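Chemist: Sharing a structure, written as structure tokens. Questions coming.
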Amino acid sequence: MGGDAGAVRRAVRAALGRTPLTGPPLVGCSGGADSLALLLAAHAERPDARAAVVDHGLQRGSAERSAALAEDLRARGIEAEVHAVVVEGAGGTEAAARRARYAALSAARPSAASPVLLGHTLDDQAETVLLGLGRGSGPRSIAGMREWDPPWLRPLLAVRRADTRATCAAHGLTPWEDPHNTDPRFTRVRLRREALPLLEDVLAGGVAEALARTAAQLRDDERALTEWADRVRCAAERADGLDVAELAAAPAAVRRRVLRSWLRDRGAGPLTDAHLRAADDLVGAWRGQGGPRLPGGLDLVRRRGRLSLHTRGAHS
């Protein structure tokens, strides 16, 4: 499929115009087609844009490759620095690498007013939505990535990978092909190479675009419900807990959002759907039952018209 070499720059121009941060943009650049095309467009629109090349150290020769990429970018007049990170911690290699990368990019911002541009495309968005659907992760996950999630700016969420490759070709660049992007050990790789092509075949095309549209629609819904939940929380929150009568006047979907934010702010987490539904039963289906035991050694209790959180055993 051929791409539109001008689509990337149009998308970047529009996204930068919508962004409230006006400092020098920082672009996370791996040397792949998506981030290279993004960087070229950002630098064309904003000559003060600069690149952060994150070296995860997960592949042999990564330090040399990262240094060579930064040097090539500087030869094109783009300020570029390499940031080496250590990938470790819970959640597997993908999650740990993401945490390390985002921390490095956040620390590399030229100023507090600088947005960090990321090269996620419509194809990435479709994979994110499909992954959320498969895991039953709820509307927040299925709503996918947001274009603006301070300080992260994703200008290419309506742009296809074919367009980023066309942009690189138009500039005479050969993108780096990360071997991890073809490694079937990673769930996203199998979604990209197996599941999505099969869905495209079965449903006669347009699946990636449809998944991205679904994400956009759900983000609108999620934003409205979250704003509603914020108002309910303000009305229900008391010094001794949450007022049950105020919560009961709201629909269950709003109540669960109130409970999620209130519980997390008090150290209960990570919360599952089962935790939130059991918590909500103290409002919408209460028959005198006790509340759920929550992560962090905490218990949720309903007493005298209030929901309150206690260290396990302290309320008995």
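Chemist: Just give me the residues in region 145-157 being touching an Asp or Glu at 6+ places or on another chain (Cβ under 9 Å) and either under 13 Å from residue 6 (Cα atoms) or surrounded by fewer than 19 Cβ atoms within 10 Å (Cβ to Cβ) (or both), in sequence order. Give the derivation first.
Modeler: Here is the first cut: in region 145-157, the ones touching an Asp or Glu at 6+ places or on another chain (Cβ under 9 Å) are 145, 153-157.
Matches in region 145-157: 145, 156.
Chemist: Quick check on this structure: which one of 224, 216, 229, 169 is exposed (fewer than 15 other Cβ atoms within 10 Å of the Cβ), at negative phi and of a type in the set (A, V, I, L, M)?
Modeler: Values: 216 fails: exposed (fewer than 15 other Cβ atoms within 10 Å of the Cβ); 229 fails: exposed (fewer than 15 other Cβ atoms within 10 Å of the Cβ); 169 fails: exposed (fewer than 15 other Cβ atoms within 10 Å of the Cβ).
Among 224, 216, 229, 169, only 224 is exposed (fewer than 15 other Cβ atoms within 10 Å of the Cβ), at negative phi and of a type in the set (A, V, I, L, M).
Chemist: Suppose we filter 253, 279, 274, 268 for residues that are within 21 Å of residue 140 (Cβ to Cβ) and part of a loop (DSSP other than H, G, I, E, B); which single one remains? Steps first, answer last, please.
Modeler: On the way: 253 fails: part of a loop (DSSP other than H, G, I, E, B); 279 fails: part of a loop (DSSP other than H, G, I, E, B); 274 fails: part of a loop (DSSP other than H, G, I, E, B).
Only one candidate qualifies: 268.
Chemist: If I filter region 123-144 down to residues being among the aliphatic types (A, V, I, L, M) and either at pLDDT 95 or above or surrounded by 17 or more Cβ atoms within 10 Å (Cβ to Cβ) (or both), which single residue comes out as nearest to residue 18 (Cα to Cα)? Spell out the reasoning first.
Modeler: Of region 123-144, the ones among the aliphatic types (A, V, I, L, M) are 126, 129-131, 133, 142-143.
Restricting the remaining residues to those that are either at pLDDT 95 or above or surrounded by 17 or more Cβ atoms within 10 Å (Cβ to Cβ) (or both) gives 126, 129-131, 142-143.
Working: 126: 23, 129: 24, 130: 28, 131: 28, 142: 24, 143: 20 Å.
Checking each candidate, the answer is 143.
Chemist: Now for a separate question. Look at region 217-226 and say how many of its residues are out of contact with any helix residue (DSSP H, G or I) (no Cβ under 8 Å at 6 or more places or on another chain) and in contact (Cβ under 8 Å) with a residue 12 or more places away in the chain.
Modeler: 1
Chemist: Now, a different point. Which of the residues that make up region 268-316 are of a type in the set (A, V, I, L, M, F, W, C), under 18 Å from residue 240 (Cα atoms) and surrounded by 15 or more Cβ atoms within 10 Å (Cβ to Cβ)? Walk me through how you get there before you give the answer.
Modeler: We begin by selecting, within region 268-316, every residue of a type in the set (A, V, I, L, M, F, W, C); these are 268, 271, 274, 276, 278-279, 282-283, 285-286, 294, 298, 300-301, 307, 309, 314.
From what is left, the residues that are under 18 Å from residue 240 (Cα atoms) are 268, 279, 282-283, 298, 300-301, 307, 309, 314.
Passing the criteria: 268, 279, 282, 283, 298, 300, 301, 307, 309.
Chemist: Output the helices (runs of 4 or more DSSP H) that fall wholly within region 58-152 and possess 1 or more residues being within 28 Å of residue 273 (Cα to Cα), acidic (Asp, Glu) and assigned by TED's automatic domain parsing to the domain that holds residue 197, or say none.
Modeler: Values: elements: 62-75, 92-107, 122-135, 139-142.
Correct list: 92-107, 122-135.
Chemist: Among the residues of region 232-250, write down those that are more than 15 Å from residue 305 (Cα to Cα) and loosely packed, with under 12 Cβ neighbours inside 10 Å.
Modeler: 234
The values are calculated or read from the model by the stated rules, or taken from the named source; none is laboratory data. This one's a predicted model, so the numbers in the text were calculated from it and none came from an experiment. In this analysis, Cβ positions are derived from the backbone assuming ideal geometry, glycine residues included, and neighbour counts consider all displayed protein chains.
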